Amino acid sequence: MGCEELAAERCPCLLAETEECPYCGLLRGEKVCACDWQGRCAFERCRWPEGTEGDRPAGTVVAVRVLDGATGLILRGDEQLAAAPAGTLVTFRLPLAGSRERSAILLRTYPSGLVYLLSLEPLPGELLLGRAITPVPAGNAFAGYQTLAAAENCLVAILAAAPLAALLAPLAAGLRARGCRVTVAPPGAAGTVPDAAIIFAAGGENEIKRMATALPSSFRGLVVTWVTGGR
């Protein structure tokens with residue numbers, strides 16, 4: 001696959017830092033190089049760039065993803081946030097005078113120091129892009145977050161209804177980067193994953209209770225939950 005950014009001397013871009021580069025398998029964490037050679041090496045450019053995103057101060061929003069009723073923010077994390085586990089709840093304010101306090105959930109950290117925050121409300125991307133915010137950690141929204149933080153090379157089942165399941169894609173990608181096999185299924189499929197080492201159930205309180213009662217008696221794994229509000 002070719003890459004316009006590489007040809008236009010704009011490499012490395014943000015996709016290299018989030019391990020989603022469409023051109024270089026090495027930057028996606030693969031063991032060998034199998035690129036469609038364009039006369040330049042994206043891996044070398046990423047390792048020894050002339051200027052990098054790392055020059056931006058902590059809190060700088062480098063990408064905004066407009067989602068269905070929500071917003072994904074990729075920003076440069078400070079030392080504390082870059083080491084925080086998934087599920088960390090942060091509060092912040094928009095760079096506007098008199099802005100009210102907002103909240104977001106950390107879903108993934110990247111080796112480059114970037115972090116992915118999910119806000120369950122629409123945010124003005126054009127205002128945030130390139131600007132700095134100050135995320136303040138305020139506990140963890142995932143009950144049993146330590147289990148997810150330690151997960152490696154195991155089967156993880158993410159159970160959530162369709163709209164929320166799509167928003168959890170960065171969490172699933174982060175688990176896969178640690179060698180986990182991840183399956184995403186609707187809440188009613190709790191009984192179909194008896195071999196999972198970890199079940200991550202997300203949704204309303206009653207929804208999670210129904211998932212728990214649907215687990216087969218043979219299930220011997222651990223359960224992590226995220227109550228998103230509502231019944």
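The values are calculated or read from the model by the stated rules, or taken from the named source; none is laboratory data. Everything quoted here is computed from the prediction, not taken from an experiment. Please note: Cβ atoms are built from the backbone with ideal geometry, for glycine as well, and neighbour counts cover all protein chains shown.
So, of the residues in the range 96-113 that are farther than 20 Å from Ala150 by Cα and at pLDDT 85 or above, which turns out to be surrounded by the fewest Cβ atoms within 10 Å (Cβ to Cβ)?
The residue in question is Arg100.
Determine whether the range 178-200 contains at least one residue that is assigned by TED's automatic domain parsing to the domain that holds Leu106, on the phi < 0 side of the Ramachandran plot and at pLDDT below 90.
Of the residues in the range 178-200, the ones assigned by TED's automatic domain parsing to the domain that holds Leu106 are none.
Scanning the range 178-200, I find no residue that is assigned by TED's automatic domain parsing to the domain that holds Leu106, on the phi < 0 side of the Ramachandran plot and at pLDDT below 90, so the answer is no.
Return the total of residues in the range 211-231 being hydroxyl-bearing (Ser, Thr, Tyr) and assigned to a strand (DSSP E or B). Break it down into steps so the answer makes sense when it comes.
If we filter the range 211-231 for residues that are hydroxyl-bearing (Ser, Thr, Tyr), which is where we start, we get 213, 217-218, 225, 228.
Add one more test, that the residue is assigned to a strand (DSSP E or B), and what stays is 225.
Residues meeting the conditions: 1.
Output the number of the condition that Arg176 fails; it satisfies all remaining conditions of (1) within 18 Å of the chain's Cα centre (by Cα); (2) outside any helix (DSSP H, G or I); (3) not β-branched (Val, Ile, Thr).
Here Arg176 meets the rest and fails (2).
What are the residues in the range 179-203 that are in a helix (DSSP H, G or I) and either among the charged types (D, E, K, R) or free of Cβ contacts under 8 Å to residues at least 12 places away in the same chain (or both), if any?
Just the residues of the range 179-203 that are in a helix (DSSP H, G or I), to begin with: 187-192.
Thr192 - this is the single residue of the range 179-203 that is in a helix (DSSP H, G or I) and either among the charged types (D, E, K, R) or free of Cβ contacts under 8 Å to residues at least 12 places away in the same chain (or both).
Contact list please: Cβ distance under 8 Å, first residue in the range 1-18 and closer than 20 Å to Arg56 by Cα, second residue of a type in the set (Val, Ile, Thr) and at pLDDT below 80, pairs at least six apart or on different chains.
From the range 1-18, the pairs are Pro12/Thr52.
List pairs: first residue in the range 205-225 and more than 15 Å from Thr192 (Cα to Cα), second residue modelled with pLDDT under 90 and aromatic (Phe, Trp, Tyr) anywhere in the structure, Cβ distance under 9 angstrom, at least six positions apart or on different chains.
none
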